[in-house]
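Enquirer: One structure is given below, represented as structure tokens, and several questions about it will come after.
The values are calculated or read from the model by the stated rules, or taken from the named source; none is laboratory data. Note that this is a predicted model, so its numbers are computed, not measured. All Cβ positions, even for glycine, are placed from backbone atoms using ideal geometry, and neighbour counts span all protein chains on display. Calculation scope for accessible area: heavy atoms of the full protein, side chains included, ligands and nucleic acids excluded. Shrake-Rupley method; radii C 1.70, N 1.55, O 1.52, S 1.80 Å.
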Amino acid sequence: MIVRAESLGYRYPVPRRRGNGPLVFPKPALNGVTFQVEEPRLIALLGPNGSGKSTLFRILTTLLSPQTGRAEVCGFDLQRDALAVRRQIGVVFQESSLDRKLTVRENLTCAGNLYGLQGVALVKRIDQAAQQMDLSSRLDHDVQTLSGGLRRRAEIARTLLHQPRLLLLDEPSSGLDPLARRELWHYLRRLQVTEGVAVLASTHFLDEAAQCDWLLIMHEGRLAAQGAPDPLCEDLGGEVVEIVSDRAAELGSVLAPRAGFHVAVVDDVVRVECPNAPALIGNLSASHGEWIQEMRMHRPSLADVYFHATGDLFRP
Amino acid sequence: MNRYWIPACMLFQRELLRFWREKSRVAGFAGTPVVFWLVVGSGYSDFARFLPGALVLTVMFSAIFSAMSLIEDRKEGFLLCVLASPAPRLAIVLGKVAGGALIAASQTMVFLFLATLGGTLYPNAQLGALAGLLVLIAIAFTAAGFLIAWLIPSPQGFHAIINLIFVPLWMISGAIFSLQQSHAWMRWLMLVNPVTYAQDAIARGLGLPFADGHPIGPLIPIVVVSVSAIVTLVVAAMVINRPSERNLL
């Protein structure tokens, strides 16, 4: 068992007062989050900004203590055995945390020292980690001369020195161009396969989430859904039809009672999950053609899974 | 023990390395004592009277501003990596404080050497003991600065609090007016102020004479300075050991 989280909850203590009323605490950042990671897989923590991803990340990295619930990483309790947990995890933060005034090798040496590594053993580990991330030729370059993608790779190399069992990455692709993003995920997958390390990376990009083995979908501090991407999409069944109409609300109420339909109206779009989209489109064109500006259908995607689970459109 | 001293040594070396690579800090390090010595030394006829206070001021500011590197570490994200690593919190405090304290104590020793012309001006001065004393005082001030930099992550706030707390502590340490000359209530304040003992210990190390009725015995200053260094270190390690949102600012 790599991660076992039970009913994790956290609320940032920033109470506000409206007028003369009582203090009002903001909504919890994390509310009853329960999940398990049993084997080393590539896992995406998917959710828009403010969904609780970072809070969960901070708790799993032992930087915050959960206020409710408990969690274990590699069999160690996050609160009682934080030091042991830190030995099992490698962490990449959203903001670059390399020392720009030092070279890549100096940065890696500092990191190795923090984990109690030194001397020949550390030099060997640095060479191995640099090789894994294709950084061997850059080891003696100043960090400030590296591109964003290379810096990210250097940061990942830094987390590999102590051979962690779980890599935690907070939005690792933020600030990277599309090519560097693709490369980054290629490296993460390679690490998971060759090193057998579990990788848990938060993201708000659906295409990144789609290539993972398992998804944890966060929404307003709760775990809205979890599963492998393809089965999650297949579970919705059939197709999704989006109908743009200036009488969307009325059209929605016409369609809602139909068996097997899951209908939602968002602004001027009626969104229908249905078993047979071509038939629906044909019927609707005939019966309500004059209400409709546009109709489109597609196989369910992760955006649809997100909508189905949360009732909100995915807005990264 | 390795898990303590390897991270602590790394943080200590890093502190010195970053100091060395930042040439403006090195210039300040070397220049300040010289300027102090030239201006204050030649402008005062009673230089000896103010020398202990000047030494405390030098070590205090140098130590506290070395501790400010914590604010930079936090801004650059380095602190997060340290906190997410299994390095013991006490090792983190020890490494960073040792680095900052060494820089501060060395700077003050340069000043001490210049001001006493290598000891010739003060034949009774015990320079070896003074060096050790300056290290202890530097540790106490660096650890206090570390604690404040931990609690107040903005550089402006840090400066404000330093000016609010440490400048007055220095003023009522006997650096400007002596214990015997002050009012009874002020004397009490001075006697509970740990900086008074740092100042007193330095004056003793220089072999300066005290007026009759000086209320502090010869051993007490050393004890107070040592205890202050240990207490500030332990409190700093305890405070950063608590997981909190402060980790994430």
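Enquirer: With the requirement that a residue be assigned to a helix (DSSP H, G or I), surrounded by fewer than 24 Cβ atoms within 10 Å (Cβ to Cβ) and either charged (D, E, K, R) or within 7 Å of chain B (Cβ to nearest Cβ) (or both), what does the range A:87-115 give you?
Expert: Passing the criteria: A:Arg87, A:Arg105, A:Glu106, A:Cys110.
Enquirer: Could you run through the range A:58-77 and say how many residues are in contact (Cβ under 8 Å) with a residue 12 or more places away in the chain, within 11 Å of another protein chain (Cβ to nearest Cβ) and crowded, with 23+ Cβ neighbours inside 10 Å?
Expert: Of the residues in that region, 6 qualify.
Enquirer: Let me ask you something else. Would you check if there is a residue in the range A:277-299 being surrounded by 18 or more Cβ atoms within 10 Å (Cβ to Cβ), free of Cβ contacts under 8 Å to residues at least 24 places away in the same chain and not assigned by TED's automatic domain parsing to the domain that holds A:Ser51?
Expert: Checked against the condition, which is being surrounded by 18 or more Cβ atoms within 10 Å (Cβ to Cβ), free of Cβ contacts under 8 Å to residues at least 24 places away in the same chain and not assigned by TED's automatic domain parsing to the domain that holds A:Ser51, the range A:277-299 yields no hits at all.
Enquirer: Scan the range A:116-146 for residues that are within 14 Å of chain B (Cβ to nearest Cβ), at negative phi and of a type outside the set (A, V, I, L, M, F, W, C) and jot them down.
Expert: A:Gln118, A:Arg125, A:Asp142, A:Gln144, listed by residue number.
Enquirer: Give the residues of the range B:175-193 that are open to solvent by less than 60 Å² (accessible area, probe 1.4 Å) and either outside any helix (DSSP H, G or I) or at pLDDT 85 or above (or both), sorted by residue number.
Expert: Here is the first cut: in the range B:175-193, the ones open to solvent by less than 60 Å² (accessible area, probe 1.4 Å) are B:175, B:178-179, B:182, B:186, B:190-191, B:193.
Scanning the range B:175-193 gives B:Ser178, B:Leu179, B:Ser182, B:Met186, B:Met190, B:Leu191, B:Asn193.
Enquirer: Turning to a different aspect of this structure: How many residues does the range A:247-267 contain that are at pLDDT below 90 and either of a type in the set (D, E, K, R) or not assigned by TED's automatic domain parsing to the domain that holds A:Asn283 (or both)?
Expert: Selection size over the range A:247-267: 2.
Enquirer: How many of the residues making up the range A:238-253 are surrounded by fewer than 18 Cβ atoms within 10 Å (Cβ to Cβ) and touching a helix residue (DSSP H, G or I) at 6+ places or on another chain (Cβ under 7 Å)? If you could, list the steps in order and put the result at the bottom.
Expert: In the first step, residues of the range A:238-253 are kept if they are surrounded by fewer than 18 Cβ atoms within 10 Å (Cβ to Cβ); the result is A:242, A:244, A:246-247, A:249-250, A:253.
Still in the list and also touching a helix residue (DSSP H, G or I) at 6+ places or on another chain (Cβ under 7 Å): A:247.
Total meeting the criteria: 1.
Enquirer: Among the candidates B:Leu133, B:Leu151, which residue alone is touching a residue at least 12 places away in the same chain (Cβ under 8 Å) and either under 26 Å from A:Val92 (Cβ atoms) or open to solvent by 20 Å² or more (accessible area, probe 1.4 Å) (or both)? Reasoning before the result, please.
Expert: Working: B:Leu133 fails: either under 26 Å from A:Val92 (Cβ atoms) or open to solvent by 20 Å² or more (accessible area, probe 1.4 Å) (or both).
Exactly one residue qualifies, and that residue is B:Leu151.
Enquirer: Still on this structure, please answer the following. Which residue out of B:Ala54, B:Ala27, B:Ala125 is of a type in the set (A, V, I, L, M, F, W, C), surrounded by fewer than 24 Cβ atoms within 10 Å (Cβ to Cβ), touching a Leu at 6+ places or on another chain (Cβ under 6 Å) and away from chain A (no Cβ under 14 Å)?
Expert: B:Ala125 is the lone residue from the list that is of a type in the set (A, V, I, L, M, F, W, C), surrounded by fewer than 24 Cβ atoms within 10 Å (Cβ to Cβ), touching a Leu at 6+ places or on another chain (Cβ under 6 Å) and away from chain A (no Cβ under 14 Å).
Enquirer: Being out of contact with any Pro (no Cβ under 6 Å at 6 or more places or on another chain) and within 15 Å of A:Pro172 (Cα to Cα) is the filter here; which residues of the range A:31-55 pass it? Break it down stepwise before answering.
Expert: Step one: list which residues in the range A:31-55 are out of contact with any Pro (no Cβ under 6 Å at 6 or more places or on another chain), which gives A:31-47, A:49-55.
Those that are out of contact with any Pro (no Cβ under 6 Å at 6 or more places or on another chain) and within 15 Å of A:Pro172 (Cα to Cα): A:Leu42, A:Ile43, A:Ala44, A:Leu45, A:Leu46, A:Gly47, A:Asn49, A:Lys53, A:Ser54.
Enquirer: Within the range B:54-100, can you find the residues that are within 18 Å of B:Arg3 (Cα to Cα) and part of a loop (DSSP other than H, G, I, E, B)?
Expert: B:Ala84, B:Ser85, B:Pro86, B:Ala87, B:Pro88
Enquirer: Next question, about the same structure. Inside the range A:232-289, can you point out the residues that are of a type in the set (S, T, N, Q) and either in contact with a Cys (Cβ under 8 Å, 6 or more places away or on another chain) or assigned to a loop (DSSP other than H, G, I, E, B) (or both)? Walk me through how you get there before you give the answer.
Expert: Of all residues in the range A:232-289, those of a type in the set (S, T, N, Q) come to A:245, A:253, A:276, A:283, A:285, A:287.
Answer for the range A:232-289, where residues must be of a type in the set (S, T, N, Q) and either in contact with a Cys (Cβ under 8 Å, 6 or more places away or on another chain) or assigned to a loop (DSSP other than H, G, I, E, B) (or both): just A:Asn276.
Enquirer: Out of the residues in the range B:71-87 that are more than 7 Å from chain A (Cβ to nearest Cβ) and either of a type in the set (A, V, I, L, M) or open to solvent by less than 10 Å² (accessible area, probe 1.4 Å) (or both), which is farthest from the chain's Cα centre (by Cα)?
Expert: Residues of the range B:71-87 that are more than 7 Å from chain A (Cβ to nearest Cβ), as a first pass: B:71-75, B:79.
Still in the running and either of a type in the set (A, V, I, L, M) or open to solvent by less than 10 Å² (accessible area, probe 1.4 Å) (or both): B:71, B:73, B:79.
On the way: B:Ile71: 17, B:Asp73: 20, B:Leu79: 22 Å.
So, considering only residues that are more than 7 Å from chain A (Cβ to nearest Cβ) and either of a type in the set (A, V, I, L, M) or open to solvent by less than 10 Å² (accessible area, probe 1.4 Å) (or both), the one farthest from the chain's Cα centre (by Cα) is B:Leu79.
Enquirer: Could you please tell me which pairs satisfy a Cβ distance under 7 Å, a separation of 6+ or placement on different chains, a first residue in the range A:1-22 that is closer than 17 Å to A:Glu220 by Cα, and a second residue that is modelled with pLDDT of 90 or more and exposed (fewer than 10 other Cβ atoms within 10 Å of the Cβ)?
Expert: Nothing qualifies.
Enquirer: What about B:Phe210, is it surrounded by 12 or more Cβ atoms within 10 Å (Cβ to Cβ) and not in a helix (DSSP H, G or I)? Working first, answer last.
Expert: Details: surrounded by 12 or more Cβ atoms within 10 Å (Cβ to Cβ): yes; not in a helix (DSSP H, G or I): yes.
Yes.
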